[in-house]
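Before I ask anything, let me first share the structure, which is written out below as structure tokens.
The values are calculated or read from the model by the stated rules, or taken from the named source; none is laboratory data. Because the structure is predicted, anything quoted here is derived from the model rather than measured. All Cβ positions, glycine included, derive from the backbone under ideal geometry; neighbour counts span all protein chains shown.
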Amino acid sequence: MSRYNSVLINRLCIGHFPLTRSHILCGDDPSACQLCQFPVSVRHILVECVGLWDISTKYFKVSSVAELFQSVDNSIIINFIKEAHFYHQM
């Protein structure tokens, strides 16, 4: 796995990456999901977003982020992130 992908997986595991946390440093309001208008979070992107449902169910079927990282290979998570067009935003 590339260093970039390793960093990405680690950031997803701890719930911190620029797309979901940059508002804290900038003093802005949290970002809203462009697909469903809910606040953007790791849990939202990976498990909750109805706009990403078709893509996520293609790669995994889990009910929580903890279950995702325990039962799904990291390369599959990376492939989901790429297809959902979040890969270079993190």
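Just to be sure I understand, how many residues within the range 1-29 are among the β-branched types (Val, Ile, Thr) and loosely packed, with under 15 Cβ neighbours inside 10 Å?
Filtering the range 1-29 down to residues among the β-branched types (Val, Ile, Thr) leaves 7, 9, 14, 20, 24.
Still in the running and loosely packed, with under 15 Cβ neighbours inside 10 Å: 7, 14, 24.
Total meeting the criteria: 3.
Continuing with the same structure: Restricting to the range 30-69, name every residue that is hydroxyl-bearing (Ser, Thr, Tyr), surrounded by fewer than 19 Cβ atoms within 10 Å (Cβ to Cβ) and in a loop (DSSP other than H, G, I, E, B).
31, 63, 64
Among the residues in the range 20-27, are any modelled with pLDDT under 85 and of a type in the set (D, E, K, R)? If you could, list the steps in order and put the result at the bottom.
Pass one, the range 20-27, residues modelled with pLDDT under 85: 20-27.
Checking the rest, the ones that are also of a type in the set (D, E, K, R) come to 21.
Yes, the range 20-27 contains at least one residue that is modelled with pLDDT under 85 and of a type in the set (D, E, K, R).
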